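What follows draws every value from the coordinates through simple rules; no lab data is involved. Worth saying up front: this structure is predicted, and the values here are computed from it rather than measured. Virtual Cβ from ideal backbone geometry, glycine too; neighbours counted across all protein chains shown.
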Amino acid sequence: MRCTGTLSRGIRAPIIREGDDARSIVVQSVLTACREENFTLKDKDILGVTEALVARAQGNYAGLDDIANDIRQKFPAGHIGVVFPILSRNRFSMLLAGIAQGARRTTVLLSYPADEVGNPLITREALLDAGMGLDSFMTEHDFCARFGNPAHPFTGINYIEYYKSMGDNIDIVFSNDMRDILRYTSDVLCADIHTRHMTKRILQKAGARTVLGLDDILTEPINNSGYNPMYGLLGSNMATEEKVKLFPQGCQEFVDGIAADLFQATGKKVEVMVYGDGAFKDPAAGIWELADPVVSPGYTTGLSGTPNELKLKYLADTKFESLSGEALRRAMTDFIAGKGGDLRENALSQGTTPRRLHDILGSLCDLMSGSGDKGTPIVLVQGYFDDYSSN
């Protein structure tokens with residue numbers, strides 16, 4: 001009798017450098033792990049590869065000058081309104097430095113009390129104590145008069161001061177209405193991630209002259225820089241004090257190639273994905289982890305769709321409420337393996353929230369690999385597609 005379900009393994013790999021053959025390194029790392037630690041690949045196993053490994057091998061980097069040059073080309077008037085950036089040293093500070101370098105003047109509109117992914121600018125309690133709702137427009141003077149100079153509760157950073165330090169031509173204002181940026185300029189760069197399409201539409205309808213997003217900057221190379229044709233600067237991370245690592249390109253070809261190589265080496269059909277930030281929210285901090293534009297920029301076809309899962313506890317409390325122990329296990333196994341009729345349909349309807357497979361599995365991979373020194377940029381997930389009746 002099988003006693004375990006889904007199993008995840010972090011697979012160690014060498015440090016990837018620009019120009020390395022990432023596809024070959026991933027395949028050999030997995031095969032070596034199988035051989036050295038005595039496990040085998042199976043059909044429908046899932047292999048996740050972190051986006052950073054792919055982008056580093058591609059050398060997909062851009063410098064501040066590259067960002068500034070593209071900004072100058074796309075915003076020739078010189079005064080740019082930057083709307084709804086997230087509060088992040090790693091994710092946005094370098095981008096803001098490059099944007100400000102390419103502009104004559106930069107007005108940044110911050111949302112409050114938190115950014116798009118939940119990083120708090122002020123607490124909701126502070127907002128209530130000030131007798132305010134979410135519909136006020138504030139200058140920096142107004143904001144500081146009401147709330148002082150608040151620091152992020154986890155990083156200790158005052159993001160107002162920090163973002164202003166990214167250039168000597170940066171002003172900051174506060175509102176939850178993106179149209180308030182039009183008080184200052186009609187040329188707008190939308191810096192939000194998951195709401196960017198809505199933000200662009202509203203600003204265009206409100207009469208803005210130029211409306212672009214971070215996904216429209218560095219969509220092609222500037223002086224041999226890195227670029228991303230689909231996401232531009234979205235999904236980038238600070239690499240050094242002078243450059244950022246962009247989201248990887250060509251991920252579909254990459255994952256399909258690894259799947260083909262593993263099939264040739266083992267005869268097993270393994271699903272493969274590239275993963276970035278997992279889509280989960282910290283229950284204590286209220287911060288949503290997903291600062292990348294998508295969890296997975298590339299995945300094989302078996303990772304499309306949503307899970308088709310039965311709610312086992314629903315069955316245990318309805319059809320099989322009189323059974324227990326081994327009798328209950330056998331009955332559940334037989335039911336899942338068979339048709340089950342209307343009750344089976346009811347159990348399916350009571351199943352888990354229908355998140356996409358590649359979002360769920362990318363989140364699992366991100367949690368497994370972590371962002372520290374585990375040295376496992378590859379994650380192997382086995383048994384995910386099995387069910388309770390699997391032997």
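Tell me which label goes with the value of Rg/Rh (Cα atoms, Kirkwood Rh) computed from the coordinates here: [x] 1.07; [y] 1.04; [z] 0.96.
Checked against the structure: label [y].
Given an 8 Å cut-off on Cα distances and at least 6 residues of separation, report the relative contact order of segment 194-270 as a percent.
Relative contact order of segment 194-270: 16 percent.
Work out, in µm²/s and without decimals, the Stokes-Einstein translational diffusion coefficient of segment 61-245 at 4 °C, 1.567 mPa s, Rh from Kirkwood over C-alpha pairs.
In µm²/s, the coefficient is 79.
Sorted from fewest to most neighbouring beta carbons within 10 Å, what does the list 152, 141, 197 look like?
So the ranking, lowest neighbour count to highest, is 141, 197, 152.
Report the relative contact order of the chain, percent, no decimals, based on alpha-carbon pairs under 8 angstrom and at least 6 residues apart.
The value is 25 percent.
How many angstrom separate the Cα center of segment 168-182 from the Cα center of segment 101-136?
Each part's Cα centre sits 10 Å from the other's.
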